[in-house]
Structure formats: C-alpha cells, structure tokens
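Encoded as structure tokens, the structure appears first; notes follow it.
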Amino acid sequence: MGRTTQARRDWMGVLARADAARLADLLPEVPGHDMLRPPEVGAVMVRGRVGGTGAPFNLGEMTVTRCVLRLACGAVGHAHVQGRDKRHAVRAAVVDALMQTDQAARIDAAVLAPLAQVEVARRATRAAKAAATKVEFFTMVRGEDQ
C-alpha cells in the first residue's frame with residue numbers, strides 16, 4: 001500500500017466520522033459536480049473482537065450513506081459516512097475529490113485538520129472518562145512469615 005493510499009484512507013476515515021454540521025461549517029460552498037452514484041442509505045455489518053485480539057464476531061448492523069461524484073475538473077470523490085445524512089455524504093465526497101486536485105493543501109488545512117483535531121479531542125475525552133473508572137486490584141497474603 002503506497003503512501004497516497006494510506007493518506008486517502010486516513011482522510012476518508014476522518015470525513016466518515018466527522019460531525020455533519022461541523023463539516024458543513026468548514027465547507028459551506030459545494031462546487032459543481034455530477035453524481036455518478038447519488039447518495040443512498042444502506043447498512044453494513046460491524047464486526048468486533050473480544051479484547052481487540054479474540055476471534056471476530058458479527059456485532060450488528062450500522063446505517064451508512066454512500067455517494068460517488070465527479071467534479072468539473074474530472075476528479076472523482078467517494079464517501080461512506082455513518083448515518084443517514086445524504087448532504088454529509090455529498091460534502092465528504094466533494095472533499096475526497098478536492099484532495100485529488102491542486103487544492104489538496106488548502107482543503108487539508110481548512111477542512112481536514114480541524115476535523116482531525118476535534119476527533120483527537122473527542123478520543124482524549126473518552127479515554128479520560130475511561131481512566132477515571134479504572135480500579136486497581138491487589139491481593140494481600142495472609143499467614144506467611146516475612
């Protein structure tokens with residue numbers, strides 16, 4: 001897997017998990033585009049592993065919306081986002097397409113970086129809440145000479 005493939009995977013992940021309203025604030029103007037696959041709602045099977053290392057099992061289904069579009073310059077953008085928000089899917093696909101053009105640096109700084117910062121902060125908050133519930137167990141040994 002090349003560097004560009006990993007980078008694209010990363011930004012598409014950020015877009016998929018982003019808050020739709022925040023993405024709309026960061027990208028209020030959607031450039032002209034042709035729909036190759038209009039936004040459609042469906043479901044995907046979510047798989048899990050006990051402890052992150054156990055055997056995979058089907059956890060349940062999650063609703064997703066997908067979209068594929070082409071900008072006037074010819075760049076094709078894809079998106080799969082959580083939930084049923086079709087406008088979110090369109091904006092995410094537009095960002096994906098723009099990231100494949102000469103506007104990539106501007107879009108990365110103006111849209112993706114702020115979304116990634118929000119995600120990092122959200123994960124840190126969740127980790128802090130989990131750490132606050134951590135319990136340390138210890139065992140005292142009785143009857144042994146010291």
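Structure summary
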quantity	calculated
Folded to 0 to 90 degrees: helix 86-98 orientation relative to the chain principal axis, Cα	80
Full-extension gain in nm, GLN6 to ARG142, via 0.36 nm per residue minus C-alpha separation	43.4 nm
Peptides ranked, highest mean first, by Cβ atoms within 10 Å: ranges 93-101, 130-138, 106-114	93-101, 106-114, 130-138
Long-range HN-HN contacts of VAL64 with modeled amide H, under 5 Å	GLY42, ALA43, VAL44, GLY83
Total charge dipole magnitude, the chain, about the Cα centre, Cβ charges on Lys, Arg, Asp, Glu only, Debye to nearest 20	200
With eigenvalues of the C-alpha gyration tensor scaled by 5 and rooted, the range 102-143, Å	46, 9, 4
Cβ-based net charge around ARG91, under 14 Å, with every Lys or Arg adding one and every Asp or Glu removing one	0
Listed candidates [x] 18.6; [y] 17.8; [z] 15.9 - label of the one calculated as Kirkwood radius over Cα pairs in Å	[y]
Pairwise label distance in nanometres, MET45 with VAL118, each label 7 Å out on the Cα-Cβ vector	3.2
Simple spin-label estimate for ALA24 and ALA127 in nanometres, 7 Å along Cα-Cβ	3.2
13 Å beta-carbon shell around ALA116, net charge (K/R +1, D/E -1)	0
Net +/- balance of residues flanking PRO38 in space, Cβ distance below 10 Å, scoring K and R +1, D and E -1	+2
Residue among MET45, THR125, ALA97 farthest towards the positive dipole end of the chain, charges placed on Cβ	MET45
Per residue, in Å², the accessible surface of the range 7-67 once ligands and nucleic acids are set aside, probe 1.4 Å	64
For the range 74-130: span of alpha carbons on each principal axis (Å, largest first)	46, 28, 12
Antiparallel DSSP beta bridges within the range 1-130, as percent of all bridges there, nearest 5	100
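The values are calculated or read from the model by the stated rules, or taken from the named source; none is laboratory data. These numbers come from a predicted model, not from an experiment. So basically every Cβ, Gly included, is an ideal-geometry build from the backbone, and we count neighbours across all protein chains shown. Heavy atoms of the whole protein, side chains included, go into the accessibility calculation; ligands, DNA and RNA do not. Shrake-Rupley method; radii C 1.70, N 1.55, O 1.52, S 1.80 Å.
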